[in-house]
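For reference, the structure is listed below as structure tokens.
The values are calculated or read from the model by the stated rules, or taken from the named source; none is laboratory data. Not measured: the values here are computed from a predicted model. Neighbour counts run over all protein chains shown; Cβ positions are idealised from the backbone, glycine included.
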Amino acid sequence: MTTIRTIDNATVIDWILRYAAKIAANKDLLTTLDAAIGDADHGLNMDRGFEEVRQRLAAHVTDDFGQLFKTIGMTLLSKVGGASGPLYGTLFLRMGMASADKTELTPNEFAAALAGGVEGIRQRGSARPGDKTMVDALLPAVLALQQALDNYATLCDALKAASAAAEAGMKATIPMQASKGRASYLGPRSIGHQDPGATSAYLLILSAAEVFCETADENQ
Ligand code: ADP
Ligand code: MG
């Protein structure tokens, strides 16, 4: 398989549209998970936000990555309620800052932008690994992504490794006791439930793996 050398705007838009579709398909799952340890709105929050993102992207004209990610981030900040809106908004705003004025990204630039976004979430929410949040899926994912690229994996294979790491991180939230966000109010009663934000975070990385691997196939 040949590697895609650079990533264009259309592929990133496909990633976000794939994610929006996955959020819509998993809305009830995310809400059910949030019902167990939160306030049963994570699926609704994310679906409302990404439906709005989908509409904004249909009217998106520039191919500057800075503008693209900023549009996504600002939309999520304004449309997604709860803790997850500002956190996912920060992820995309940081990705926009890392890729301002660029119309193409190398796999390493994409990985660095995503890692910067996850760092933004950590700063904004001050969650550490093990706190039972989206960070428990996102941090292993960006580490696996960078490690695979450092070992000369294709972007497709590196994102598959990242997706597997995010899935493992998501499942690892089940036995954790929450120390951040609404679930932390439950104390030990938060143990035994999968974190909703870690679940939506896994879907984000899974969507990237699916879409970037399809693009790689087209380039064969
Ligand atoms: P809310 O908890 O305000 O209702 P959501 O239900 O949309 O917001 O999102 C809940 C998810 O947000 C949690 O499952 C968790 O993954 C994530 N979360 C909450 N607080 C934090 C934080 N401080 N840092 C990182 N993620 C967090
Ligand atoms: Mg909630």
Do you know which of the residues in the range 152-172 that are of a type in the set (Ser, Thr, Tyr) and out of contact with any helix residue (DSSP H, G or I) (no Cβ under 6 Å at 6 or more places or on another chain) is surrounded by the fewest Cβ atoms within 10 Å (Cβ to Cβ)? Tyr152
Single match in Gly49, Gly96, Gly120 (criterion: within 30 Å of Arg182 (Cα to Cα), surrounded by 18 or more Cβ atoms within 10 Å (Cβ to Cβ) and either in contact with a Phe, Trp or Tyr (Cβ under 7 Å, 6 or more places away or on another chain) or modelled with pLDDT under 95 (or both)): Gly96
Looking only at the range 52-88, count how many residues are more than 16 Å from ligand 2 (Cβ to nearest atom) and surrounded by fewer than 21 Cβ atoms within 10 Å (Cβ to Cβ). 19
Sole exception among (1) more than 16 Å from ligand 1 (Cβ to nearest atom); (2) farther than 20 Å from Ala198 by Cβ; (3) in contact (Cβ under 8 Å) with a residue 24 or more places away in the chain; (4) not charged (D, E, K, R) for Ala59, by number: (3)
Considering only the range 136-151, state which residues are under 16 Å from Ala112 (Cα atoms) and either buried (at least 22 other Cβ atoms within 10 Å of the Cβ) or touching a residue at least 12 places away in the same chain (Cβ under 8 Å) (or both). Leu138, Leu139, Pro140, Ala141, Val142, Leu143, Ala144, Leu145, Gln146, Gln147, Ala148, Leu149
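Residue by residue, here is whether (1) within 16 Å of ligand 1 (Cβ to nearest atom); (2) at pLDDT 95 or above; (3) touching a strand residue (DSSP E or B) at 6+ places or on another chain (Cβ under 7 Å); (4) part of a helix (DSSP H, G or I) holds:
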| residue | (1), (2), (3), (4) |
| --- | --- |
| Trp15 | no, yes, no, yes |
| Arg18 | no, yes, no, yes |
| Ala40 | yes, yes, no, no |
| Leu68 | no, yes, no, yes |
| Thr71 | no, yes, no, yes |
| Leu87 | yes, yes, no, yes |
For Asp8, indicate whether it is crowded, with 22+ Cβ neighbours inside 10 Å and of a type in the set (D, E, K, R). no
Residue list for the range 95-108, filter: without any contact (Cβ under 8 Å) to a residue 60 or more places away in the chain and outside any loop (DSSP other than H, G, I, E, B): Met95, Gly96, Met97, Ala98, Asn108
From the options Leu91, Leu44, Leu29, Leu33, residue that is buried (at least 20 other Cβ atoms within 10 Å of the Cβ) and within 16 Å of ligand 2 (Cβ to nearest atom): Leu33
